[in-house]
Amino acid sequence: MTKKNELLRTRYRQYIEEQLELALKVRIKPLKRKVRYVAGVDASFPGNYVRAAAVVIDVATFETVDEAVGELPVEHPYVPTLLYLREGPALLKALLSLRRTPDVVLVDGQGILHPRRFGEACYIGVHSGMPVAGVAKSRLAGRHRPVKLKKGLWEPVYVEGELRGAVLCTRDNVKPVYVSPGHLMDLNDALNITLQATGSYRIPEPLRRAHKLAGSSGSSRTGCG
DNA sequence: GCGACAG
DNA sequence: ATCTTGTCGC
């Protein structure tokens, strides 16, 4: 199964070259704007298509202020380090269908905490021009010290000796998440926004709601509000 | 050469 | 991601 991915990676070498080009467009810099509307995007695979959802919340009240979904046929298998080929386009479709443009976006995956500095969050950032951060449930790359399981604490994660992201504990005694900037923000911004958008669960609210919306059924517009 | 490997 | 019931713990 691991060998299969090696074969796919070889077959996908052209996409890797493209990925290296796109990585040059990523801009990591401090976010100046004040954040109020935070969006979360996630996808599910209910068959032969990708079903993506985007949900925007007001971090001041945690109310959902907008949501949208987008579906596209599946065109790629899952290949580690090339996740965006499989679900990126659908995520963008849902994100760009929102009526209210969010200040920042959280993606269910890695930002620059990636072997080639270009995770799914970078893809969404470069293609939307919006500030984006990646929040992954598990590790793809990098080394780090174990994190103390106390909400708000984190440890830096390095790839090739370079600081790329952080392992952040979003709740006491719960498995931490991997946070990294994807575009137009830095690591501090990504950490602050992730914590600001986190409610009573391990996963930040925008992502939890997007995951839920992507999972159930619906058409191709805003759900109800 | 042998593992590891987001969702 | 997806296939799936009950169950241990705060």
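The values are calculated or read from the model by the stated rules, or taken from the named source; none is laboratory data. Not measured: the values here are computed from a predicted model. Neighbour counts run over all protein chains shown; Cβ positions are idealised from the backbone, glycine included. Heavy atoms of the whole protein, side chains included, go into the accessibility calculation; ligands, DNA and RNA do not. Shrake-Rupley method; radii C 1.70, N 1.55, O 1.52, S 1.80 Å.
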Selection count, segment A:25-45, where residues are of a type in the set (A, V, I, L, M, F, W, C), surrounded by fewer than 19 Cβ atoms within 10 Å (Cβ to Cβ) and either within 20 Å of A:LEU92 (Cα to Cα) or within 16 Å of DNA strand B (Cβ to nearest atom) (or both) | 1
Near pairs, Cβ below 8 angstrom, 6+ apart or cross-chain, from segment A:10-26 (assigned to a helix (DSSP H, G or I)) to any residue that is charged (D, E, K, R) and open to solvent by less than 100 Å² (accessible area, probe 1.4 Å) | A:ILE16/A:ARG9; A:ILE16/A:ARG116; A:GLN19/A:ARG116; A:LEU20/A:ARG116; A:ALA23/A:ARG116; A:ALA23/A:ARG117
If the Cβ limit is 6 Å and pairs must be 6+ apart or interchain, which residue in segment A:111-140 that is over 19 Å from A:HIS211 (Cα atoms) pairs with which residue that is more than 8 Å from DNA strand B (Cβ to nearest atom) and charged (D, E, K, R)?
-> A:ILE112/A:ARG164; A:LEU113/A:ARG164; A:VAL126/A:LYS25
Selected residue (criterion: most open to solvent (accessible area, probe 1.4 Å)) from residues of segment A:146-177 that are touching a Pro at 6+ places or on another chain (Cβ under 8 Å) and outside any strand (DSSP E or B) = A:LEU149
Does A:LEU22 satisfy being farther than 23 Å from A:ARG208 by Cα, of a type in the set (A, V, I, L, M, F, W, C) and more than 10 Å from DNA strand B (Cβ to nearest atom)?
-> yes
Looking at segment A:45-115, what strands (runs of 3 or more DSSP E) fall wholly within it and have at least 1 residues that are more than 16 Å from DNA strand C (Cβ to nearest atom) and over 19 Å from A:LEU184 (Cα atoms)?
-> A:49-58, A:63-73
Note on segment A:1-32: residues over 20 Å from the mean Cα position of the chain (by Cα) and farther than 19 Å from A:HIS76 by Cβ are A:LYS32
Determine whether A:GLU71 is within 16 Å of DNA strand B (Cβ to nearest atom) and without any contact (Cβ under 8 Å) to a residue 60 or more places away in the chain.
-> no
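Can you tell me how many residues within segment A:127-145 are among the small types (Gly, Ala, Ser), away from DNA strand C (no atom under 16 Å from the Cβ) and outside any strand (DSSP E or B)?
Of the residues in segment A:127-145, 4 are among the small types (Gly, Ala, Ser), away from DNA strand C (no atom under 16 Å from the Cβ) and outside any strand (DSSP E or B).
Table: residues versus (1) within 20 Å of A:HIS183 (Cα to Cα); (2) open to solvent by less than 10 Å² (accessible area, probe 1.4 Å).
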residue: A:GLU71; (1), (2): no, no
residue: A:VAL74; (1), (2): no, no
residue: A:LEU82; (1), (2): yes, yes
residue: A:LYS93; (1), (2): yes, no
residue: A:LEU96; (1), (2): yes, no
residue: A:ARG99; (1), (2): no, no
residue: A:ASP108; (1), (2): yes, no
residue: A:GLY125; (1), (2): yes, yes
residue: A:GLY142; (1), (2): yes, no
